[in-house]
1. Report the convex hull volume per residue for segment 3-59, counting only C-alpha atoms, in Å³.
2. Tell me, Arg60, Arg36, Arg16 in order of fewest to most beta-carbon neighbours within 10 Å?
3. Which length gain, in nm to one decimal place, applies between Leu45 and Val28 when the Cα-Cα distance is subtracted from 0.36 nm times their residue separation?
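Computed from the coordinates by the stated procedures, all read-outs in this text should not be read as laboratory data. This is a predicted model, so every value here is computed, not measured. Ideal geometry is used to build each Cβ from the backbone, glycine not excepted, and the neighbour counts take in all protein chains shown.
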Amino acid sequence: MYADDAAAATFEESERGSITPGKLADMVVLSGDPTRLPSNEIKDLAVEMTVLDGKIVWNRMIYKRLKNLNFFNLVFFQICNANP
């Protein structure tokens, strides 16, 4: 919605600005549509997922699971999911 204009303003339309194969993807997925909510309810939206450079860096569902793990399981999870 706003990404196209921002990319055009910085002359980066070929690299970002839309969800298109080959372009960088920085975005958040919210729990609701902020364009359809009264302005006083937008603050109550939760971030469900954050994507930077096409990689998921935050996922509420995974975070909820990790909060319930003990230290050993958390370290094991980090080792198994480490980037090479």
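1. Expressed per residue, the convex hull around the Cα atoms of segment 3-59 is 97 Å³.
2. Starting with the residue having the fewest Cβ neighbours, the order is Arg36, Arg60, Arg16.
3. Details: separation 17, 0.36 × 17 = 6.12 nm, distance 1.15 nm.
Between Leu45 and Val28, full extension yields an extra 5.0 nm.
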